[in-house]
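Visitor: Below you'll find the structure I mean.
The values are calculated or read from the model by the stated rules, or taken from the named source; none is laboratory data. On a predicted model such as this, the values are computed, not experimentally measured, just so you know. No Cβ is skipped: glycine too gets one built from the backbone with ideal geometry, and neighbour counts run over all protein chains shown.
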Amino acid sequence: MADCLFCKIIDRDVPATLVHEDGDLVAFEDINPGAPTHVLIVPRRHIATLNDLLADDHDLVGRMVRRAALIARDRGFAEAGYRTVFNCNADAGQSVYHIHLHLLGGRKLAWPPG
Ligand code: AMP
Ligand code: ZN
(Lines give C-alpha, C1' and ligand atoms only; values in the text may rest on other atoms or scores of the structure.)
(Ligands and ions follow the chains in the order given, each with its own letter.)
Protein backbone atom coordinates (compact mmCIF):
# COMPACT_ATOMS: atom_id res chain seq x y z
CA MET A 1 0.00 0.00 0.00
CA ALA A 2 1.45 3.32 -1.12
CA ASP A 3 1.32 5.29 2.08
CA CYS A 4 2.16 2.56 4.58
CA LEU A 5 5.46 2.77 6.48
CA PHE A 6 5.76 -0.99 6.94
CA CYS A 7 5.00 -1.68 3.27
CA LYS A 8 7.85 0.72 2.50
CA ILE A 9 10.18 -1.19 4.84
CA ILE A 10 9.12 -4.47 3.20
CA ASP A 11 9.83 -2.94 -0.23
CA ARG A 12 13.21 -1.57 1.03
CA ASP A 13 12.09 1.99 0.32
CA VAL A 14 12.63 2.81 4.01
CA PRO A 15 15.66 1.34 5.79
CA ALA A 16 15.32 -1.04 8.72
CA THR A 17 17.47 -3.64 10.43
CA LEU A 18 16.05 -6.89 9.14
CA VAL A 19 16.01 -9.92 11.41
CA HIS A 20 14.22 -12.39 9.16
CA GLU A 21 12.39 -12.58 5.87
CA ASP A 22 10.64 -15.29 3.96
CA GLY A 23 7.87 -15.51 1.38
CA ASP A 24 5.18 -14.32 3.77
CA LEU A 25 6.85 -12.45 6.62
CA VAL A 26 9.45 -9.82 7.39
CA ALA A 27 10.87 -9.16 10.87
CA PHE A 28 12.92 -6.10 11.79
CA GLU A 29 14.19 -4.21 14.83
CA ASP A 30 11.80 -1.66 16.35
CA ILE A 31 13.27 1.82 15.92
CA ASN A 32 12.34 2.74 19.51
CA PRO A 33 12.99 -0.45 21.47
CA GLY A 34 11.17 -1.05 24.72
CA ALA A 35 13.41 -3.95 25.75
CA PRO A 36 16.85 -5.37 24.85
CA THR A 37 15.06 -7.24 22.07
CA HIS A 38 12.14 -5.46 20.42
CA VAL A 39 11.40 -6.96 17.03
CA LEU A 40 8.35 -6.38 14.83
CA ILE A 41 7.06 -9.30 12.76
CA VAL A 42 4.88 -8.25 9.83
CA PRO A 43 3.16 -10.00 6.95
CA ARG A 44 4.29 -8.91 3.49
CA ARG A 45 0.63 -8.43 2.58
CA HIS A 46 -0.86 -5.15 3.77
CA ILE A 47 -3.46 -5.88 6.46
CA ALA A 48 -4.44 -2.74 8.36
CA THR A 49 -5.64 -4.14 11.69
CA LEU A 50 -6.47 -7.45 13.36
CA ASN A 51 -10.08 -6.65 12.51
CA ASP A 52 -9.24 -7.10 8.84
CA LEU A 53 -7.98 -10.68 9.14
CA LEU A 54 -9.78 -13.29 7.08
CA ALA A 55 -10.36 -16.95 7.84
CA ASP A 56 -7.68 -17.76 5.29
CA ASP A 57 -5.16 -15.85 7.41
CA HIS A 58 -5.09 -18.38 10.28
CA ASP A 59 -1.92 -19.95 8.98
CA LEU A 60 -0.27 -16.57 8.40
CA VAL A 61 -0.93 -15.43 11.97
CA GLY A 62 0.29 -18.76 13.29
CA ARG A 63 3.52 -18.32 11.40
CA MET A 64 3.95 -14.82 12.85
CA VAL A 65 3.66 -16.20 16.39
CA ARG A 66 5.94 -19.13 15.62
CA ARG A 67 8.51 -16.74 14.15
CA ALA A 68 8.49 -14.77 17.40
CA ALA A 69 9.21 -17.98 19.32
CA LEU A 70 12.06 -18.87 16.96
CA ILE A 71 13.66 -15.42 17.31
CA ALA A 72 13.34 -15.70 21.11
CA ARG A 73 15.05 -19.06 20.97
CA ASP A 74 17.81 -17.76 18.69
CA ARG A 75 18.44 -14.83 21.05
CA GLY A 76 18.60 -17.08 24.09
CA PHE A 77 15.67 -15.86 26.15
CA ALA A 78 12.97 -18.33 25.15
CA GLU A 79 13.20 -20.16 28.47
CA ALA A 80 13.53 -16.99 30.59
CA GLY A 81 10.44 -15.56 28.90
CA TYR A 82 9.25 -12.88 26.55
CA ARG A 83 6.12 -11.06 25.44
CA THR A 84 4.26 -10.90 22.14
CA VAL A 85 1.73 -8.13 21.53
CA PHE A 86 -0.63 -7.05 18.78
CA ASN A 87 -2.03 -3.57 19.32
CA CYS A 88 -5.35 -2.99 17.58
CA ASN A 89 -6.72 0.48 16.89
CA ALA A 90 -6.62 3.69 18.89
CA ASP A 91 -7.36 2.52 22.44
CA ALA A 92 -4.44 0.09 22.28
CA GLY A 93 -2.15 2.73 20.80
CA GLN A 94 -1.76 1.23 17.34
CA SER A 95 0.29 3.78 15.42
CA VAL A 96 1.15 1.92 12.22
CA TYR A 97 -1.83 0.49 10.37
CA HIS A 98 -0.17 -2.62 9.00
CA ILE A 99 -0.48 -5.47 11.48
CA HIS A 100 2.68 -6.27 13.40
CA LEU A 101 3.51 -8.60 16.23
CA HIS A 102 5.80 -7.04 18.83
CA LEU A 103 8.36 -9.42 20.34
CA LEU A 104 9.84 -8.03 23.56
CA GLY A 105 12.44 -9.87 25.58
CA GLY A 106 15.81 -9.82 27.26
CA ARG A 107 14.65 -8.35 30.57
CA LYS A 108 11.90 -8.94 33.12
CA LEU A 109 8.71 -7.32 31.84
CA ALA A 110 6.07 -5.67 34.03
CA TRP A 111 2.40 -6.66 33.87
CA PRO A 112 -0.13 -5.28 33.13
CA PRO A 113 1.03 -2.83 30.47
CA GLY A 114 -0.35 0.70 30.68
P1 AMP B 1 2.18 0.15 17.37
O2 AMP B 1 2.16 1.30 18.35
O3 AMP B 1 1.72 -1.16 17.98
O4 AMP B 1 1.47 0.49 16.09
O5 AMP B 1 3.72 -0.10 17.05
C6 AMP B 1 4.39 0.55 16.03
C7 AMP B 1 5.85 0.37 16.32
O8 AMP B 1 6.57 0.72 15.14
C9 AMP B 1 6.41 1.23 17.45
O10 AMP B 1 6.95 0.37 18.47
C11 AMP B 1 7.46 2.09 16.77
O12 AMP B 1 8.59 2.31 17.57
C13 AMP B 1 7.79 1.27 15.55
N14 AMP B 1 8.31 2.01 14.42
C15 AMP B 1 7.86 3.19 13.92
N16 AMP B 1 8.58 3.56 12.85
C17 AMP B 1 9.52 2.60 12.66
C18 AMP B 1 10.57 2.41 11.71
N19 AMP B 1 10.81 3.30 10.73
N20 AMP B 1 11.34 1.30 11.83
C21 AMP B 1 11.11 0.41 12.82
N22 AMP B 1 10.12 0.53 13.74
C23 AMP B 1 9.34 1.60 13.67
ZN1 ZN C 1 1.34 -1.86 4.74
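Visitor: Filter the stretch 89-100 for residues that are more than 6 Å from ligand 1 (Cβ to nearest atom) and either loosely packed, with under 15 Cβ neighbours inside 10 Å or among the aromatic types (Phe, Trp, Tyr) (or both); which is farthest from LEU5 (Cα to Cα)?
Guide: Step by step, filter the stretch 89-100, then rank; the result is ASP91.
Visitor: Quick one: would you say ALA69 is modelled with pLDDT under 95 and away from ligand 1 (no atom under 14 Å from the Cβ)? Walk me through how you get there before you give the answer.
Guide: Working: modelled with pLDDT under 95: no; away from ligand 1 (no atom under 14 Å from the Cβ): yes.
Against the criterion (modelled with pLDDT under 95 and away from ligand 1 (no atom under 14 Å from the Cβ)), ALA69 does not qualify.
Visitor: Could you grab me the full set of residues in the stretch 55-81 that are among the hydrophobic types (A, V, I, L, M, F, W, C), within 16 Å of ligand 2 (Cβ to nearest atom) and either within 19 Å of GLU29 (Cβ to Cβ) or more than 13 Å from the chain's Cα centre (by Cα) (or both)?
Guide: Result: MET64, single match.
Visitor: Just give me the residues in the stretch 1-41 being away from ligand 2 (no atom under 14 Å from the Cβ) and of a type in the set (Gly, Ala, Ser), in sequence order.
Guide: GLY23, ALA27, GLY34, ALA35
Visitor: Inside the stretch 59-100, can you point out the residues that are in a helix (DSSP H, G or I) and not hydrophobic (A, V, I, L, M, F, W, C)?
Guide: Answer for the stretch 59-100, where residues must be in a helix (DSSP H, G or I) and not hydrophobic (A, V, I, L, M, F, W, C): ASP59, GLY62, ARG63, ARG66, ARG67, ARG73, ASP74, ARG75, ASP91.
Visitor: Continuing with the same structure: Please find, within the stretch 27-42, the residue that is surrounded by the fewest Cβ atoms within 10 Å (Cβ to Cβ) out of those that are within 8 Å of ligand 1 (Cβ to nearest atom) and assigned to a strand (DSSP E or B).
Guide: This residue is GLU29.
Visitor: Something else: Tell me whether the stretch 43-56 contains one or more residues that are farther than 21 Å from ALA2 by Cα, among the small types (Gly, Ala, Ser) and assigned to a helix (DSSP H, G or I).
Guide: yes
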